[in-house]
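Here the structure is laid out as structure tokens; the discussion comes afterwards.
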Amino acid sequence: DRVLVGNKVSEGHVNFIIAYNMLTGIRVAVSRCSGIMKPLTPRNFHQTKKLAFDYHGNELTPSSQYAFKFKDYCPEVFRELRARFGLDPADYLMSLTSKYILSELNSPGKSGSFFYFSRDYKYIIKTIHHSEHKHLRRVLKDYYYHVRDNPDTLVCQFYGLHRVKMPISFKNKVKNRRIYFIVMNNLFPPHLEMHTTFDLKGSTLGRYTDVSKVDEDVRPVLKDLNWLEQQLNIQFGPFKGRKFLTQLKKDVEFLSRLNIMDYSLLLGIHDINAAAASGDDIPAMIPESSGKFATKLPNNTNNTITKAVGGHYFQRDEGGIRASDSENRDLNIIYYVGIIDCLTNYSLLKKLETFWRGLSHDLYAVSAIPPNDYALRFYKFIEESVTRDKPHTKNE
Ligand code: ATP
Ligand code: CA
Ligand code: CA
């Protein structure tokens with residue numbers, strides 16, 4: 001199982017060229033799309049822009065170490081989305097491009113997607129399947145309006161949709177391959193340790209991470225059965241609990257309407273007391289300018305939790321949201337929470353299911369239920385996990 005500590009992608013690394021091209025393309029495309037923002041038109045939701053890179057460069061594109069083609073989808077829409085999510089255009093470019101340090105998430109999952117972090121760990125690039133790409137384009141307008149009408153949405157924040165086309169050799173044959181990818185928010189902050197991480201779907205089949213089988217020095221991502229086994233709750237008092245569940249309900253209804261399923265609630269738990277007790281020894285994830293990973297970061301204790309005003313409700317405390325007790329008083333736990341992997345539409349999963357069944361693999365057998373049933377089951381699972389008025393069972 002994946003954890004959020006990456007391997008550095010450097011020259012010589014198999015995926016270095018792909019990552020390099022992705023970043024070069026983003027830099028040029030994003031900086032090109034920078035005039036005065038005009039109100040979006042229906043056309044903007046179908047717009048695409050193509051760039052061709054080569055060693056020599058031309059008036060449109062600077063020279064690039066490798067030859068490749070880059071396609072930017074709906075640049076104006078994503079630009080506006082980034083603004084709505086509160087991103088500063090210059091910072092965005094800096095994070096993704098200033099130096100070609102990226103790190104790759106360990107071992108890709110069964111979907112075959114690759115994940116890269118931006119050098120400051122604020123953003124994640126995820127390669128996606130062509131059908132996921134098609135689905136995002138199809139629903140982009142709905143997504144845009146949902147984000148506009150729900151500034152505190154828990155649904156994954158998409159910042160860009162792109163394609164790189166380049167020659168890749170596979171089994172001694174060089175072919176022009178198209179790689180689709182999205183840029184999204186890293187739900188977890190670069191400066192704080194996640195003491196526990198859960199990926200929750202509301203289903204139980206195969207949803208167990210055997211911690212004894214994971215390396216000791218990596219924190220595994222735990223799943224639904226681990227959650228039930230540990231009898232954990234999301235500790236929110238009545239106020240936050242209501243706010244969270246109201247938003248979650250709107251979000252799953254939205255996803256269900258778009259025929260999407262197989263998404264998860266990603267939940268990172270930062271324990272402020274544990275962090276304070278362990279002193280400065282936070283495994284840092286910020287690469288230093290040398291390209292090496294820093295080992296020490298400033299400690300963060302209770303007194304230094306910064307509360308952002310305005311902004312996203314569930315990202316107001318150090319980029320997350322503090323747990324609270326039955327009287328709505330803050331607890332020493334910060335949650336980082338969002339809905340991820342939300343580009344799988346039902347018909348695609350049905351296809352995959354048939355495919356896996358053929359390989360006598362029933363990973364999707366129980367997963368692949370219609371979007372509405374998926375949404376209900378998902379919501380119910382999370383709803384039952386929110387403490388609200390119940391007494392706390394753990395971490396008290
Ligand atoms: P599969 O379809 O097999 O579930 P996938 O390749 O589609 O896998 P995701 O489910 O999107 O991958 O993500 C896998 C893991 O990567 C998550 O469980 C989580 O640990 C991490 N991850 C994904 N998106 C984010 C994000 N936005 N912020 C932080 N971590 C993330
Ligand atoms: Ca997933
Ligand atoms: Ca997936």
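The values are calculated or read from the model by the stated rules, or taken from the named source; none is laboratory data. A quick note: this is a predicted structure, and the numbers were derived from the prediction, not measured. Cβ: placed from backbone, ideal geometry, glycine included. Neighbour counts: every protein chain shown.
Being on the phi < 0 side of the Ramachandran plot and touching a helix residue (DSSP H, G or I) at 6+ places or on another chain (Cβ under 6 Å) is a description that applies to Phe198. Consider the range 119-155 and keep the residues that are under 12 Å from the mean Cα position of the chain (by Cα) and more than 22 Å from Thr48 (Cβ to Cβ). The one that is modelled with the lowest pLDDT is Tyr121. Being touching a helix residue (DSSP H, G or I) at 6+ places or on another chain (Cβ under 6 Å) and within 16 Å of ligand 2 (Cβ to nearest atom) is the requirement here; does Val164 meet it? No, not satisfied. Among the residues of the range 322-378, write down those that are in contact with a Phe, Trp or Tyr (Cβ under 7 Å, 6 or more places away or on another chain) and at pLDDT 85 or above. Ala323, Ser324, Asn328, Tyr336, Val337, Ile339, Ile340, Asp341, Cys342, Pro370, Pro371, listed by residue number. Annotation note: Cβ proximity below 8 Å between a residue of the range 332-351 that is without any contact (Cβ under 8 Å) to a residue 24 or more places away in the chain and a residue that is within 16 Å of ligand 2 (Cβ to nearest atom) and among the hydrophobic types (A, V, I, L, M, F, W, C) (sequence gap 6+ or interchain) occurs for Lys350/Ala368. Does Asp120 fit the bill of being touching a Pro at 6+ places or on another chain (Cβ under 9 Å) and either more than 20 Å from Thr344 (Cα to Cα) or touching a residue at least 24 places away in the same chain (Cβ under 8 Å) (or both)? Yes, satisfied. Leu265 meets the conditions (1) modelled with pLDDT of 95 or more; (2) more than 25 Å from Val155 (Cβ to Cβ) in every case but one. The failed one is (2).
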